[in-house]
1. Determine if the stretch 48-65 includes at least one residue that is more than 26 Å from SER465 (Cα to Cα) and crowded, with 21+ Cβ neighbours inside 10 Å.
2. Could you grab me the full set of residues in the stretch 100-137 that are crowded, with 20+ Cβ neighbours inside 10 Å and of a type in the set (A, V, I, L, M)?
3. Is there a residue being assigned to a strand (DSSP E or B), among the aliphatic types (A, V, I, L, M) and either farther than 26 Å from VAL192 by Cβ or assigned by TED's automatic domain parsing to the domain that holds THR731 (or both) anywhere in the stretch 286-300?
4. Can you tell me which of (1) surrounded by fewer than 18 Cβ atoms within 10 Å (Cβ to Cβ); (2) more than 23 Å from ARG730 (Cβ to Cβ); (3) within 20 Å of the chain's Cα centre (by Cα) is the one SER433 doesn't meet?
5. Considering only the stretch 390-422, state which residues are out of contact with any Asp or Glu (no Cβ under 9 Å at 6 or more places or on another chain) and of a type in the set (Phe, Trp, Tyr).
6. Whether any residue in the stretch 111-119 is more than 27 Å from the chain's Cα centre (by Cα) and not aromatic (Phe, Trp, Tyr) is what I want to check.
7. Which condition number does ALA371 fail, the rest of (1) out of contact with any helix residue (DSSP H, G or I) (no Cβ under 7 Å at 6 or more places or on another chain); (2) closer than 22 Å to MET241 by Cα being met?
Amino acid sequence: MAYKPLDCISSSDIAALGVPSDVAEAFYENLNQIIRNYGTGTPQTWQHVSKHLLNPDLPFSIHQMMYYGCYRDFGPDPPAWLPDPENAKLTNVGQLLEMRGKEFLGSIYKDPISSFSDFQEFSVSNPEVYWKTVLDEMSVSFSVPPQCILRENPSEESLLSHPGGHWLPGAYVNPAENCLSLNGKRTLDDIVLIWHDEGDDEKPVNKMTLKELRTEVWLVAHALKTLGFEKGSAIAIDMPMDVNSVVIYLAIVLAGYAVVSIADSFAPREISTRLKLSNSKAIFTQDLIIRGDKRLPLYSRVVDAQSPMAIVIPTRGSSFSMKLRDGDISWHDFLEKVKNVKDVEFVAVERPVEAFTNILFSSGTTGEPKAIPWTLATPLKAAADGWCHMDIRKGDVVGWPTNLGWMMGPWLVYAALLNGASVALYNGSPLGSGFAKFVQDAKVTMLGVIPSIVRAWKTTNCTASYDWSAIRCFGSTGEASNVDEYLWLMGRALYKPIIEYCGGTEIGGGFVAGSLLQPQSLAAFSTPAMGCSLFILGDGGIPIPPNVPGIGELALGPLMLGVSHTLLNADHYNVYFKGMPVWNGQVLRRHGDVFEFTSRGYYHAHGRADDTMNLGGIKYALIQLLKKKEKRCVEVFEAAHLYWPRKVSSVEIERICNAVNNSVLETAAIGVPPPGGGPESLVIAVVFKESNDPVPDLNKLRVSFNLALQKKLNPLFKVSHIMPLSSLPRTATNKVMRRVLRSAAVSSD
C-alpha cells in the first residue's frame with residue numbers, strides 16, 4: 001500500500017480511518033505544527049508525532065499512516081526511536097560514561113550518545129578495563145578474585161585447543177550467591193519475584209522479597225545436600241518457569257551442582273536424550289501443567305523417559321494424578337527432611353570459574369542436540385548484556401515469556417537479579433489477555449518478546465485497554481522480526497524502543513543488539529554487543545572491511561567472556577572453529593547466520609547460512625537464452641553480473657512475501673531440487689490469517705509474489721509453487737523446520 005507524505009494528508013484522510021471528525025481535525029492541526037517545525041519526513045518529525053500525537057487507543061491504521069508517510073522517501077533503516085540526550089545520561093552506560101568517559105576514550109569522548117560506538121570498540125580492545133568496570137558496576141563478588149580478566153593464548157598449540165582464551169583465571173565464584181547477596185543495589189525488603197497464575201488474573205499479583213527468596217533457596221539447597229551427590233553433579237529441571245523452578249534453579253547452583261535445562265514441552269524421548277547426555281543424577285518436575293481447562297501430563301513423561309530419581313511437585317494441591325515410582329519423592333517429603341534448618345543460611349559452594357553451572361541444548365532439529373555447558377562465567381555475560389543493552393537496574397521489573405529449558409530462562413534470572421531488578425513470571429500462556437493484564441499489574445519495565453508472540457497479540461488485539469506505559473523498553477530475540485508488527489508493538493507502550501538481541505545458547509547472551517544510546521530501527525540491530533567483534537565474510541571467506549556495507553555469513557571474534565569452550569557430545573573446535581579464517585592472528589568463531597551490514601550502519605539478520613538457497617536461476621537462465629540466441633541475453637548477463645555471487649536466504653524472501661497480501665499471516669521459503677537435477681525451484685509455504693474474507697487465488701498470489709521479489713530482490717527470481725498450510729512446522733524454540741517443509745514439497749510433486 002502506498003502512503004501519502006505527511007504534508008499531503010488531510011483531516012478527512014484521518015477521519016476516514018475511524019477517528020471522530022473533531023479529533024481528526026485537532027490531530028491534523030497538531031501534525032501540521034510538527035511538520036512546520038521539523039519537516040515532512042525527518043526522524044525528528046516521527047519522534048514528535050509518535051511521542052505527542054499517537055496513542056494505543058487510535059486505530060493502528062493511523063500509526064501506519066504516520067510512520068510510512070513520514071519515511072516514504074527516507075530509504076532503508078528509518079529510525080523508529082531516537083535517544084534523548086538527558087535520558088541517555090541516566091542509563092547505566094550513560095552514567096558510567098559521564099563519570100569515566102574521558103578516562104576510557106581520552107579526548108575523543110563527547111557525550112554518551114556520540115561516543116557509544118567508540119565505547120563499544122573500547123570494550124573489545126580493552127577487555128581488562130571494560131569487564132573489571134562492568135563487574136564492579138554489577139557488584140559481582142568472587143570468593144577468590146581472578147588473576148586477571150583475560151589470558152590470551154600464548155602459543156599456536158593453545159590457540160587450537162582454546163581459541164577463546166582463558167577468562168577470569170584462578171577465580172572462584174557462585175552466581176546464585178551473587179543473586180541473593182546484599183549489596184548497594186538492594187535490601188532484604190526489596191521485591192525480587194512478581195508472579196501470577198493463569199486463571200487468577202483478577203487477583204492482585206504475588207510478590208516475594210529478597211529475604212523470602214533467600215529462605216526458600218536455602219531450604220532447597222539444604223535438602224539437596226541430603227541426597228549425597230558429589231559437587232558438580234548434574235541435576236535436571238523439567239518444569240514450567242514459575243516461582244518454584246526459579247527457587248530450585250538458584251538452589252542447585254548455590255549448592256555447587258550443575259542445572260540440566262529441559263523444556264517442559266518435550267516428549268519422553270527428548271527428555272531421555274538430554275538426561276543421558278548430561279548424566280543427570282536427579283530431576284525436578286511437576287505432576288501436571290494446567291493451561292486453561294487443559295491438564296497436560298509432565299511427571300508421566302519424565303517416567304516414560306526412564307529418568308533417574310524425580311522430585312515431584314503437585315499441581316495446585318497436595319495430591320498426584322498418578323502414583324509416584326519407587327525411589328521418587330514428593331516435594332513435601334523432600335523439604336520435610338530439612339524442616340529443622342528452615343531459615344538457616346546455606347553456605348554457598350564456591351567453584352572455579354571454568355566449572356559447569358548449567359547444561360543447555362541446541363534444538364536438535366538436524367540430529368542429536370548439542371549439549372552446551374555454561375561455565376560460571378556465562379551468567380556474568382548474560383547479566384552484563386542486560387546491564388548494558390536493556391539498561392536493567394534497581395527497581396526494574398523484567399518479564400520475558402520463556403522457560404528454563406532455553407537460554408533465555410537462565411538469562412532472565414541472572415539479568416534481573418544480578419542487576420538488582422525483579423523477575424516477572426506469568427504461569428500460563430503469554431498469548432492472551434491474562435498475560436497482557438499481568439504486564440500492566442506487575443508494572444513490567446522491560447518486556448522481552450519473540451515475534452510470533454507479537455504476531456498473535458496483534459492478530460487478536462488482546463492487549464487492548466491494558467496500560468503498558470510502565471515499559472521503558474522491549475527486548476526481542478528468537479526469530480526474525482517484522483517491521484509492521486513491531487511498529488504495532490511500540491505503539492502499545494507509547495513508542496518505547498525495541499532492543500533487538502541476537503546470540504545463542506553457546507554465547508550465553510548476544511553478539512549483536514540494540515542500545516538505548518543509539519537510534520533504533522525496526523527489525524534491525526544497531527551495534528555489536530559489548531565485548532564482541534563481528535565479521536561478515538565476503539568472497540573467499542575473507543571479512544568485508546569494517547563499516548563497509550555487505551552481506552554474507554557472520555563470524556565472531558573468538559575472545560568473548562562466558563562463551564562455550566567445550567561440548568559434551570561433539571568436538572567443540574570442529575563445530576565452531578575448524579575451517580574458519582584467521583584474522584589478525586585469531587581464528588574466527590563460526591556462528592552460521594547470514595547478516596547484512598547496511599549503508600546506515602545497521603545489521604539485519606537473514607536466517608541461517610544453511611537456510612540459504614542457491615536457486616540457480618540466473619546462471620541457468622543465461623545458458624538457456626544463449627542456446628536459443630534470444631535478444632535478452634545481454635539483459636540477463638547484466639543481471640547475472642549483479643546477482644550471481646549472492647545466495648539468497650529464506651528470510652529475505654519471506655520478508656517480501658509477507659507484505660504482499662493482507663490475508664497472509666506468515667510464509668516460509670524453501671528451495672526444492674527438481675527430480676532430474678538442475679537449479680532449485682522456489683516454493684513458498686503460506687499460512688493465511690483466520691478471516692471471513694475468502695482466501696486469495698493461489699495462482700494470482702504466486703504472480704504477486706513474483707512481481708514483488710523481482711522488483712525488490714532479484715529480477716530473475718520466480719516462485720514455482722505455493723503450498724498452503726494451516727500452520728508452519730516449528731521446533732520448541734519456534735524455529736521454522738524448513739527441512740520438513742522441503743520433504744513435504746518433494747513428496748507432493
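The values are calculated or read from the model by the stated rules, or taken from the named source; none is laboratory data. Note that this is a predicted model, so its numbers are computed, not measured. No Cβ is skipped: glycine too gets one built from the backbone with ideal geometry, and neighbour counts run over all protein chains shown.
1. Quick first cut of the stretch 48-65, residues more than 26 Å from SER465 (Cα to Cα) only: none.
Within the stretch 48-65 (the criterion being more than 26 Å from SER465 (Cα to Cα) and crowded, with 21+ Cβ neighbours inside 10 Å), the answer is no, since none of the residues qualifies.
2. Those that are crowded, with 20+ Cβ neighbours inside 10 Å and of a type in the set (A, V, I, L, M): ILE113, VAL134, LEU135.
3. Filtering the stretch 286-300 down to residues assigned to a strand (DSSP E or B) leaves 286, 288-291, 294-297.
Filter once more, so that each one left must be among the aliphatic types (A, V, I, L, M): 288-290, 296.
With the extra rule that they be either farther than 26 Å from VAL192 by Cβ or assigned by TED's automatic domain parsing to the domain that holds THR731 (or both), the set shrinks to 288, 296.
The answer is yes; a qualifying residue exists.
4. (3)
5. TRP400, TRP406, TYR414
6. Here is the first cut: in the stretch 111-119, the residues more than 27 Å from the chain's Cα centre (by Cα) are 111.
Filter once more, keeping what is not aromatic (Phe, Trp, Tyr): 111.
Yes; the residues of the stretch 111-119 include at least one that is more than 27 Å from the chain's Cα centre (by Cα) and not aromatic (Phe, Trp, Tyr).
7. Of the numbered conditions (1) out of contact with any helix residue (DSSP H, G or I) (no Cβ under 7 Å at 6 or more places or on another chain); (2) closer than 22 Å to MET241 by Cα, the odd one out for ALA371 is (1).
Residues checked against (1) within 25 Å of TRP374 (Cβ to Cβ); (2) of a type in the set (A, V, I, L, M, F, W, C); (3) surrounded by 24 or more Cβ atoms within 10 Å (Cβ to Cβ):
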| residue | (1), (2), (3) |
| --- | --- |
| ASN206 | no, no, no |
| THR215 | no, no, no |
| MET239 | yes, yes, yes |
| LEU250 | yes, yes, yes |
| ILE262 | yes, yes, yes |
| LYS276 | yes, no, no |
| ASN279 | yes, no, no |
